[in-house]
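The values are calculated or read from the model by the stated rules, or taken from the named source; none is laboratory data. Note that the structure is predicted; figures quoted are calculated from it, not measured. Reconstructed Cβ throughout: ideal geometry from the backbone, glycine too, with neighbour counts over all protein chains shown. Each accessible area value is taken on the protein alone, full model and side chains, heavy atoms only, with ligands, DNA and RNA left out. Shrake-Rupley method; radii C 1.70, N 1.55, O 1.52, S 1.80 Å.
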Amino acid sequence: MSGKRKLRVFGILFILLLTGFMVSAQKVNTVVLDAGHGGHDTGALGKHSREKDITLAIVLKLRNYINENLKDVKVILTRDNDEFIELYRRARIANENKADIFISIHCNSNPSSVPYGTETYVMGLHKSGANLAVAKAENAAILLEDDYVEQYDGFDPNSAEGNIFFSMMQNAFLDKSLDFAGRVEKQFKEKLNFLDRGVKQAGFLVLYKTAMPGVLIETGFLSNAKDEKFLLSDRGQEQMAYAIFKAFREYKGTIEKWNPSLLNKEDTLLSNPKPSKAVTENLKAKASKQKESVTSNIEPSDSEVPQASKTTPNSPPAIEGTEEVIYRVQFMSSPKDKQIDSPEFSKVKDVWKYFQNGLYKFTAGKFDSIKLASAYRLDLVGKGYADAFVVPFYQEKRITLEEARRLAGK
Ligand SMILES: [Zn+2]
């Protein structure tokens, strides 16, 4: 082998090694903590508590744990005081900061005072009416926003259809979201002795717009006296935050391939929290608990939700003709007209525009199924169009998803 050729071979080997290193070196360096509700949106109300106060208290404590124990992690809060933040803005904060994970903290509520315990949700199809009810209750926060019809593309938080549509989106991050959610519920159960009601799926708007793994944690029922007492107490909030912190550290350790049990043996603020009286009392009622396993709540991934890995977002097959319903990904709207071949749109394909309600709306791609359009949407989100969403058209007119389903079914 000549010297020159040797050099070239080593050069190629070096590049291969470097690429391998870059692929494996995944980091969890930025986390967005989202305290549910705030301002004129109180969230659920207990006898003595408001959800917005408890979620903020837990988030602030969780931030302290991460800051004290994981120095390489940047913690960003969607709010650190009692202010109203729209759901889409919460997601945008996470997207703009290129967060590695999004953790939304909430409290549950039920018309009955009996249910208690925690639930951790990932974005997906609700399997039960109960899951849908939780998603609807959390999504209803958008009714307190001024321009929610435009921001969420006419989404009606009370319609089951809408909830199904939104649940089809976040699939690319499902594995990691499920992994983290499982760790959270495991901590609640093992370290907190809290009743873990399991990992569940439902269509939460706040998760739908985030372009990273994300979970929504219902930390307990304010409608249950014992849960409420626990969540209202400083110690209860501390323990809840600590359990989520441990799950986060485990998750980070797994992604980054180090063993979290070898590090930070002594956590700075609290070690091995004892369950409070409220929790212990709740445990006595555990006998009647119906165990829901992690897997039993997860929809088969092939049935309805798009599998990003099985489609090819970079080269989705476009279709011709106008006799079928087609799906485009809307990525921008503007009061000013723009040329569709503008250099501004160089990163997107098949740009097309239409005019509606005083705005020029720009779409990309053209697909015969919502699955492919959803996969391409994720591609666009990755290119910086964090608010992109899928819209159906029939004969070049925008239609609703319900109409699209009806037309597709005939
Ligand atoms: Zn909530």
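Could you compute the net charge surrounding Tyr121? Neighbours are other residues with a C-beta less than 11 Å from the C-beta of Tyr121; K and R count +1, D and E count -1.
Around Tyr121, the surrounding residues sum to -2.
Got a number for the accessible area of Trp258? Probe 1.4 Å, square angstrom, nearest 10.
Here the residue's solvent-accessible area equals roughly 60 Å².
Can you pick out the pairs among Lys200/Lys361; Lys136/Lys189; Lys176/Lys383; Lys47/Lys74; Lys176/Lys336 whose Cα atoms lie more than 30 Å from each other?
Over 30 Å apart, Cα to Cα: Lys200/Lys361; Lys47/Lys74; Lys176/Lys336.
What is segment 320-364 by shape, rounded, prolate or oblate, if you read a ≥ b ≥ c off the alpha carbon gyration tensor as root eigenvalues and call it rounded for a/c under 1.5, prolate for a/b larger than b/c, and oblate otherwise?
Oblate shape, in that a/c is at least 1.5 and b/c is the bigger or equal ratio.
Students often check this: by mean Cβ neighbours within 10 Å, which of 106-113, 134-141 ranks highest, and how do the rest follow?
134-141, 106-113
My understanding is that a pair violates if its Cα-Cα distance is over 29 Å; which of Lys98/Lys349; Lys27/Lys366; Lys209/Lys347; Lys98/Lys229 do that in this structure?
Listed pairs above 29 Å: Lys27/Lys366; Lys98/Lys229.
For segment 325-409, report the translational diffusion coefficient in µm²/s to the nearest whole number, using Stokes-Einstein at 25 °C, 0.890 mPa s, and a Kirkwood Rh over Cα pairs.
Using the Kirkwood radius from Cα pairs, D works out to 188 µm²/s.
Assign one of three labels to segment 56-114, namely rounded, prolate or oblate, based on the Cα gyration tensor with a ≥ b ≥ c the square roots of its eigenvalues; rounded applies when a/c is under 1.5, prolate when it is not and a/b is larger than b/c, and oblate otherwise.
Oblate, since a/c reaches 1.5 and b/c is not below a/b.
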